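Only one structure is covered here, and it is reproduced in the block below.
The values are calculated or read from the model by the stated rules, or taken from the named source; none is laboratory data. Predicted model, so just to flag it, every value in this text is computed and none were measured. FYI the Cβ positions are ideal-geometry reconstructions off the backbone, even for glycines, and counts take in every protein chain you see. The protein model used for the area step is the full one, side chains on, heavy atoms only, and it has no ligands, DNA or RNA in it. Shrake-Rupley method; radii C 1.70, N 1.55, O 1.52, S 1.80 Å.
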Amino acid sequence: MPRVLMERSGEMEVFARVVERGGFSAAARSLDLTPSAVSKLIGRLEGRLGTRLLARTTRALTLTEEGASYHRAALRILQDLNEADHAVATGMARGRIRINASLPFGTVFVATSIAGFVQRYPNLTLDLSFTDEVVDLLEEKADVAIRVGNLPDSALKARKLAQSRLVVCASPGYLKRCGIPRTPADLRNHNCLTFNFRRSRSGWPFRHKRRDFEQPVSGTVQVNNGETMRQIVLEGAGIARLGLWHVARAIKSGAIIPLLEEFNPGDLEMIHAVYLGGGNLPEGVRAFIDYMIETLAKSDPFERAR
């Protein structure tokens, strides 16, 4: 970086101190410099700007019109620099954070947490984007994204926010029409709704007498996301296996009924915050991640991140 750029803020501080103290000698004493050093700095500043900032007389120093304008600008810049130093030194989060999340998770859990977050961090500006597409953080210029489920290998850094168990469930209307399965084997006689993206398991996992096993399932509908699956279950199309966070409110209202809970193996769906690696994590991003961990730990569908 050129010398003049590196020393510009120092010149501004000396100039502002000369104006504040009303002379070179008083400014020099407050800065632990010699009066001649202060005079040289002001002369260099005026030479670089190509204008006189101070009118010198034997009795006093006064600001020229250009000097008054420069003084106002210098005070603003020095204040910003001091605030930036203070923010880093004290961990005060400020600036803009671009946050991405899936539409259902973002709507139900992120959006409802924002009011408390902005009250705690009033100097942060949030740029929220909720979409069912998995975005490229670098391409979309996102600072952090919330991902549900298994994470693919990538260069992204990740931090677990929470975890939610999975539940087999159906609507009261479907169960009245087709009957209630009492054992996992009964699912062979039901329309089981499944996902069309690649999974490591071909069936649904269950546990009985400490033995884990998979029950093959099949049905007439496959979908690519949990929110669509939830809507189809609500409409009574069949039985599904979903993260509890998707259906907790519907279960509480009675619109969806959990099934085969005594056979639930207790496997979990993970929720992570992912962000670009390299360098220190920006304080605002760290604050948001910490806040989401704190918030989700208080929500019934989730277990605390471990």
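Tabulated results
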item: Among the candidates 286, 241, 230, residue that is within 16 Å of residue 161 (Cα to Cα), of a type in the set (Lys, Arg) and touching a residue at least 12 places away in the same chain (Cβ under 8 Å); result: 286
item: Residue 132 being in contact (Cβ under 8 Å) with a residue 24 or more places away in the chain and either open to solvent by 90 Å² or more (accessible area, probe 1.4 Å) or part of a loop (DSSP other than H, G, I, E, B) (or both); result: yes
item: Meets criteria (at pLDDT below 90 and open to solvent by less than 40 Å² (accessible area, probe 1.4 Å)) for residue 248; result: no
item: Strands (runs of 3 or more DSSP E) contained entirely in segment 225-282, each with at least 1 residues that are touching a helix residue (DSSP H, G or I) at 6+ places or on another chain (Cβ under 7 Å) and closer than 30 Å to residue 97 by Cβ; result: 240-243, 268-275
item: Selection from segment 213-226 of residues that are open to solvent by less than 50 Å² (accessible area, probe 1.4 Å) and either under 31 Å from the mean Cα position of the chain (by Cα) or modelled with pLDDT under 90 (or both); result: 223, 225, 226
item: Residues satisfying the stated conditions in segment 189-203, i.e. modelled with pLDDT of 95 or more and touching a Ser or Thr at 6+ places or on another chain (Cβ under 9 Å); result: 191, 192, 193
item: Qualifying residue in segment 184-204 (condition: outside any helix (DSSP H, G or I) and touching a residue at least 60 places away in the same chain (Cβ under 8 Å)); result: no
item: From 266, 236, 254, residue being over 13 Å from the mean Cα position of the chain (by Cα), more than 20 Å from residue 164 (Cα to Cα), surrounded by fewer than 21 Cβ atoms within 10 Å (Cβ to Cβ) and in contact (Cβ under 8 Å) with a residue 12 or more places away in the chain; result: 236
item: Candidate set: segment 239-251, residues that are under 28 Å from the mean Cα position of the chain (by Cα) and aliphatic (A, V, I, L, M); chosen: the one nearest to residue 205 (Cα to Cα); result: 242
item: Of the criteria (1) among the β-branched types (Val, Ile, Thr); (2) touching a residue at least 40 places away in the same chain (Cβ under 8 Å); (3) part of a loop (DSSP other than H, G, I, E, B), which one residue 168 fails; result: (3)
item: Top-ranked residue of segment 135-171 - restricted to ones that are modelled with pLDDT of 75 or more and surrounded by fewer than 13 Cβ atoms within 10 Å (Cβ to Cβ), ranked as nearest to the chain's Cα centre (by Cα); result: 141
item: Some residue of segment 108-125 being basic (Lys, Arg), assigned to a strand (DSSP E or B) and open to solvent by 30 Å² or more (accessible area, probe 1.4 Å); result: no
item: Check on residue 87, at pLDDT below 75 and out of contact with any His (no Cβ under 6 Å at 6 or more places or on another chain); result: yes
item: Residue match in segment 66-74 (condition: over 47 Å from the mean Cα position of the chain (by Cα) and modelled with pLDDT of 85 or more); result: no
item: So residue 51, is it open to solvent by 40 Å² or more (accessible area, probe 1.4 Å), farther than 30 Å from residue 123 by Cβ and either touching an Asp or Glu at 6+ places or on another chain (Cβ under 9 Å) or in a helix (DSSP H, G or I) (or both); result: yes
